[in-house]
1. Between their Cα atoms, which of Lys63/Lys94; Lys248/Lys331; Lys266/Lys377 are more than 23 Å away from each other?
2. Among the listed pairs Lys181/Lys335; Lys208/Lys451; Lys81/Lys107, which have their C-alpha atoms separated by more than 21 angstrom in this model?
3. Which order results if Arg322, Arg29 are arranged by neighbouring Cβ count within 10 Å, fewest first?
4. For segment 255-263, take each phi angle, set θ = phi - 60°, evaluate the Karplus expression 6.51 cos²θ - 1.76 cosθ + 1.60, and give the result in whole Hz per residue in order, putting x for glycine and proline.
5. How would Arg270, Arg374, Arg194 line up from fewest to most surrounding beta-carbon atoms within 10 angstrom?
6. Output ³J(HN,Hα) for segment 95-111: one whole-Hz value per residue in order, computed from phi by the Karplus curve 6.51 cos²θ - 1.76 cosθ + 1.60 with θ = phi - 60°, and x for Gly and Pro.
7. For segment 322-334, just list the computed ³J(HN,Hα) in residue order, Karplus coefficients 6.51, -1.76 and 1.60, θ = phi - 60°, integers in Hz, with x standing in for Gly and Pro.
8. For Tyr299, Tyr410, what ranking results if the residue with the fewest other Cβ atoms within 10 Å of its Cβ goes first?
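Read-outs: derived from the displayed coordinates by stated rules, not from any lab. As the structure is a prediction and not an experimental result, all values here were calculated from the model. Backbone-built Cβ (ideal geometry, glycine too); neighbour counts: all protein chains shown.
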Amino acid sequence: MTEGRAKGKKRLDDLASDAMEADADYDRRHMEETVLATLASDPFDQDAIAYAAQDVLWSPGFKTIAHALIESVTEGIVPDKTVIADKLRSSGAKVQDAILTDIFAGKKARDITVCLAHVEKLKALDKYHHANALIKTFQTVVDKKKQDGMDVEVAVADLVGKFFDLATEKKLLRDYPNEAKAAEGFLDIMNARRTDGRDWLGLDCGFKHLNEVLNGLPEGVIILAGSPSCGKTTLAKQIADHVAEVEKVPVLFYSFEQSAEELRIKSLARLASVDSRKIWKGRSADVEWTEVEKAAEDYRQGSGPYLTIIEAGRKDTVEAIRAAALMAKRKAGDKSVLLILDYLQIIPAGDNTRDGTLRERIDMNLSELRRLARDLKSPVLVISSLNRNAYAGNPPPTMAALKESGGIEYSADVVICLWRDKEATGRMERDRLPHQDANPKTVRVGAHVLKNRNGELAKVKLNFTLAWALFTDEGKENLNYDAALGN
């Protein structure tokens, strides 16, 4: 069960518990009578419950009496049994004399604190009943999908996705405006980009030169590719931490390979400057552990409130990811969302591609991810492997390295390939050896921006300290277009 679903179930369980507690203390009618009698006892001073009463009273007779009471107070009339009876008659409502007598007798009126407690219990009951009705409706649809042979998880994700689609569109048949109407205010939006005080249009990824090349992480699909062990996941996690802490927007990290523990250790090692292997093995010295404890608190308070790690599995199709991402965006007040998927070649197929080839599955998933990035108006960072021929002998990467991996080179808005620069690494290692006790091994990694739909091509130089799971900015240089293509 996912963390979000577990929280949802707990909330429903809490509502059910509140409702059962309310039922155990009083039946609903008794509570409604108490609320109404308390309001009638001194309606001019009970405005704390007057309008709440209209929302929680279900019994038709009680609701109309509450309306009549509030109307009398608004008119400055002191309400009694006769006044309220006359108002009910004039409005065509049925007058139940016995109920009015009980209410105005005052015997069922209670202290305002008790009455407000009843109001909260009635609200809890209402939420429970509404949730229960929604669940039954939802369950009916899911059961039907199950009978038709559709995976239940996929059915749920599909329904949630459709819900957000309808909420966005508000109608099934869209009316496409012409440019004279659609472009109204467009120049104001462009001008706001000049004056909003941000250095980058996209999200700040934490690396100055990469931000310069990409203009921050842009809306769209960003492919982060590379050979095994070149630091793709480590770099993605560092970006995730930075965006969550600095931009304070939701970051969803779907990991199809590494565990949440492994990803957290990377962050602790980087923040504490302690070897990640020591943390994982439980072999860090006391002085190192002190730094790890500080790092853990920084991690919890910094990126923690905005970062969610999902240990993904076969149920986490693009449809399910879409539902979660749209929910996160809605909860964040429609802010941007950073979605990170590790990695492309093992994202499960949706229903339309279950029987297709790997390439067909990748193409379909990429198409859906592009649509998701557009709907989110946010970056979707997808880690990808390269074909094996691409890294045999460690040649500089080109777009040819993505062949046989689906239509990545066509579908992606940005393609970045990581490549270990052996020559630069050798120079760095020779300089490090005299000081190796204080400085762990660091390698030079080039982030080759091979495709950039709205910007330049470049090689961003990064230094990768493996033990600390740390990337640092070193510089950048231009990248020849023909070289990027492999010509």
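1. Numbers: Lys63/Lys94 12 Å; Lys248/Lys331 13 Å; Lys266/Lys377 29 Å.
Lys266/Lys377, as the Cα separations exceed 23 Å there.
2. On the way: Lys181/Lys335 25 Å; Lys208/Lys451 19 Å; Lys81/Lys107 14 Å.
Those over the limit are Lys181/Lys335.
3. Values: Arg322 23, Arg29 11.
So the residues, fewest neighbours to most, are Arg29, Arg322.
4. Residue by residue, segment 255-263 yields 10, 8, 10, 7, 7, 4, 4, 4, 5 Hz.
5. Working: Arg270 21, Arg374 13, Arg194 7.
Exposure proxy ranking, most exposed first: Arg194, Arg374, Arg270.
6. 9, 9, 4, 5, 5, 4, 4, 4, 5, 8, 5, x, 5, 9, 5, 10, 4
7. 4, 4, 5, 5, 5, 5, 4, 5, 5, 5, 8, x, 6
8. Working: Tyr299 20, Tyr410 11.
Going from sparsest to densest Cβ surroundings: Tyr410, Tyr299.
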